[in-house]
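A.B. asks: Starting off with a structure, shown below.
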Amino acid sequence: MSFNSPTMGSGSRNSGRAEFGRTHVVRPKGKHQATIVWLHGLGDNGSSWSQLLESLPLPNIKWICPTAPTRPVAVFGGFPCTAWFDVGDLSEEGPDDVDGLDVSAAHVANLLSTEPADIKLGIGGFSMGAATALYSATCFTQGKYGNGNRYPVNLSVVVGLSGWLPCSRSLRNKIEGSHEATRRATSFPLLLCHGRGDDVVQYTHGEKSAQVLSATGFRNLTFRTYNGLGHYTIPQEMDEVCTWLNSRMGLEGSHS
């Protein structure tokens, strides 16, 4: 994980009003059929992923790549950098910043809420971005954020690369306590990918997250592993993401 020099200023973590950075948009080259918000990792920004996503053979997808707020992050000893939420441990075992997760998940949903009604919607991300995407998937299935406010958009897919599942300890009770949440979880398409050589978000955390989601009732979950892959992405992984998105979203005119 590389990160730029911090910008000290308005990003107080407890201010309740996060200052999100620049949003980068990659327009579809073909017929617009789907919009996916893609979330970067800790200390990164939306620009770096927009360049990679633009090169993918997915002409029918519009990509929205926001930049997280700059905030003090516990895992860096309070050092400020771009982060979707505060985190002290890059795994499902650390304490959960539900307030930060809710603010970022709501920002993502707001970006998707202005898309045309006939467009399929999805969220993807890398590392902390993947954690935020998976949290959004659980909010969608429950129909509400962690704070109880209604989740406003209808998601079709979620993709998480080299990430983990926040709030995993309480998820099962929340899903199993609602017939509607159980029904949504059963059919909702999730793709998780993780490298066995990841030394930032350990492979075991990705594996455990997939196991928790499966045990909670997410039956339409695909978990892909890559021997020797560290905390980054490779063409083989992105090829599988493209194939999976084409299949799950029923996109036209894409080439594997």
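A.B. asks: Please name all residue pairs, on different chains or six or more residues apart, with Cβ atoms under 6 Å, provided the first residue is in the stretch 49-63 and is free of Cβ contacts under 8 Å to residues at least 60 places away in the same chain and of a type outside the set (Asp, Glu) and the second residue is surrounded by fewer than 16 Cβ atoms within 10 Å (Cβ to Cβ) and part of a strand (DSSP E or B).
C.D. replies: Partner pairs satisfying both residue conditions: none exist.
A quick yes/no check of all residues on (1) of a type outside the set (S, T, N, Q); (2) touching a Cys at 6+ places or on another chain (Cβ under 9 Å); (3) at pLDDT 95 or above:
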{"position": "Leu190", "(1), (2), (3)": "yes, no, yes"}
{"position": "Arg219", "(1), (2), (3)": "yes, no, yes"}
{"position": "Thr225", "(1), (2), (3)": "no, yes, yes"}
{"position": "Glu237", "(1), (2), (3)": "yes, yes, yes"}
{"position": "Glu240", "(1), (2), (3)": "yes, yes, yes"}
{"position": "Asn246", "(1), (2), (3)": "no, no, yes"}
{"position": "Gly253", "(1), (2), (3)": "yes, no, no"}
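A.B. asks: Please specify each residue of the stretch 27-59 satisfying the condition of being part of a loop (DSSP other than H, G, I, E, B) and open to solvent by 40 Å² or more (accessible area, probe 1.4 Å). Can you show your working first?
C.D. replies: Looking only at the stretch 27-59, we keep the residues that are part of a loop (DSSP other than H, G, I, E, B), and these are 27-33, 40-45, 55-59.
Arg27, Lys29, Lys31, His32, Asp44, Asn45, Ser55, Pro57 - these are the residues of the stretch 27-59 that are part of a loop (DSSP other than H, G, I, E, B) and open to solvent by 40 Å² or more (accessible area, probe 1.4 Å).
A.B. asks: Further question on the same structure: Could you count how many residues in the stretch 152-178 are open to solvent by less than 70 Å² (accessible area, probe 1.4 Å), touching a strand residue (DSSP E or B) at 6+ places or on another chain (Cβ under 8 Å) and over 20 Å from Glu92 (Cα atoms)?
C.D. replies: Matching residues across the stretch 152-178 total 4.
A.B. asks: Right, next: Restrict the check to the stretch 227-250 and report whether at least one residue is under 24 Å from Met128 (Cβ atoms) and among the small types (Gly, Ala, Ser).
C.D. replies: yes
A.B. asks: Quick check on this structure: which one of Ala181, Ala133 is crowded, with 20+ Cβ neighbours inside 10 Å and in contact with a strand residue (DSSP E or B) (Cβ under 8 Å, 6 or more places away or on another chain)?
C.D. replies: Numbers: Ala181 fails: in contact with a strand residue (DSSP E or B) (Cβ under 8 Å, 6 or more places away or on another chain).
Checking each option against the conditions leaves just Ala133.
A.B. asks: Here's another thing I want to ask about it. Residue check: is Gly122 part of a helix (DSSP H, G or I) and either at pLDDT 95 or above or in contact with a Leu (Cβ under 6 Å, 6 or more places away or on another chain) (or both)? First the steps, then the outcome.
C.D. replies: Details: part of a helix (DSSP H, G or I): no; either at pLDDT 95 or above or in contact with a Leu (Cβ under 6 Å, 6 or more places away or on another chain) (or both): yes.
Considered against the rule, which asks whether it is part of a helix (DSSP H, G or I) and either at pLDDT 95 or above or in contact with a Leu (Cβ under 6 Å, 6 or more places away or on another chain) (or both), Gly122 comes out as no.
A.B. asks: Take the conditions within 25 Å of Arg71 (Cα to Cα) and either over 19 Å from the mean Cα position of the chain (by Cα) or open to solvent by 10 Å² or more (accessible area, probe 1.4 Å) (or both) and apply them to Asn149. Does it pass?
C.D. replies: yes
A.B. asks: For the stretch 192-203, does any single residue satisfy the condition of being open to solvent by less than 10 Å² (accessible area, probe 1.4 Å) and assigned to a loop (DSSP other than H, G, I, E, B)?
C.D. replies: Looking for residues that are open to solvent by less than 10 Å² (accessible area, probe 1.4 Å) and assigned to a loop (DSSP other than H, G, I, E, B), one finds at least one in the stretch 192-203, hence yes.
The values are calculated or read from the model by the stated rules, or taken from the named source; none is laboratory data. Remember, predicted model here, so these are calculated numbers, not experimental data. Cβ: placed from backbone, ideal geometry, glycine included. Neighbour counts: every protein chain shown. Remember, those area values only see protein heavy atoms, side chains included, never the ligands or the DNA or RNA. Shrake-Rupley method; radii C 1.70, N 1.55, O 1.52, S 1.80 Å.
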